[in-house]
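**Student:** First the structure, then my questions, so here it is.
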Amino acid sequence: MAELERIYPKTLPTHASWRPRLRELLTSSNPAAKVALVGVGHPMRGDDYVGSYITKTLIDEIHARDVVLFDVEDRIEFMVSKIAALNPKHVIIIDACEMNLSPGAISLIPLGETEYPFFTTHGIPLKLLATKLLPNAETWLLAIQPERMECVGLNERLSKAVLAAAKSISALVAETLKERKPNA
């Protein structure tokens with residue numbers, strides 16, 4: 001099995017600063033400068049599913065024309081062209097990443113500042129996809145530290161810590177977008 005994405009400590013900012021930065025990115029969007037939220041994760045690999053889980057949770061809540069959700073599960077390579085077609089200002093990829101932190105820890109990192117190994121759980125590393133196929137967008141990684149990544153049943157996907165992180169992210173995104181003025 002391929003290795004989980006790793007973010008090396010020299011590229012990891014203080015993980016508590018993700019909230020204000022995510023709010024700032026979400027509120028910077030407008031119909032001409034969209035934000036794409038891209039949930040990544042395999043539905044049968046435990047906490048790896050977290051990015052996909054978050055976008056599935058938000059799909060019914062987000063009604064902004066300038067924030068577009070993509071639930072790509074483990075097939076991001078096949079969706080990058082659709083994301084690029086939006087010509088987004090920001091792309092925020094939500095994914096489980098090994099950061100050597102406590103399970104459920106969250107970090108928001110510019111994707112260009114990460115150091116992924118060449119082989120990852122994705123067919124093509126996210127950093128390579130973003131630099132080659134999304135050159136006009138600022139691409140971010142909203143990384144969640146997993147607790148477990150082994151294959152699981154359909155009814156036991158996320159660990160408690162990662163589920164709590166997923167709910168925190170979903171609530172922040174939904175709240176931020178509801179607070180914005182219409183047509184903002």
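The values are calculated or read from the model by the stated rules, or taken from the named source; none is laboratory data. Keep in mind that this is a model prediction, so the values were computed, not measured.
**Student:** Tell me yes or no: at least one residue of segment 159-173 is within 15 Å of the chain's Cα centre (by Cα) and either modelled with pLDDT under 90 or not in a helix (DSSP H, G or I) (or both). Step through it out loud before you land on a result.
**Tutor:** Taking segment 159-173 first, the residues within 15 Å of the chain's Cα centre (by Cα) are 162-163, 165-173.
Next, from what is left, pick out any that are either modelled with pLDDT under 90 or not in a helix (DSSP H, G or I) (or both): none.
The answer is no; no qualifying residue exists.
**Student:** Please count how many residues of segment 133-148 are farther than 28 Å from R65 by Cα and either modelled with pLDDT of 90 or more or within 17 Å of the chain's Cα centre (by Cα) (or both).
**Tutor:** Final tally of qualifying residues: 3.
**Student:** For segment 64-112, which residues satisfy the criterion of being assigned to a helix (DSSP H, G or I), more than 25 Å from K178 (Cα to Cα) and among the aliphatic types (A, V, I, L, M)?
**Tutor:** I76, M79, V80, A84, A85, L111
**Student:** Another question, if that's okay. Filter segment 113-132 for residues that are outside any loop (DSSP other than H, G, I, E, B) and within 24 Å of V173 (Cα to Cα); which is modelled with the highest pLDDT? Outline the logic, then answer.
**Tutor:** Step one: of segment 113-132, the residues outside any loop (DSSP other than H, G, I, E, B) are 113, 126-132.
Restricting the remaining residues to those that are within 24 Å of V173 (Cα to Cα) gives 113, 126-127, 130.
Values: E113: 77, L126: 64, K127: 62, A130: 65.
Top of the filtered list is E113.
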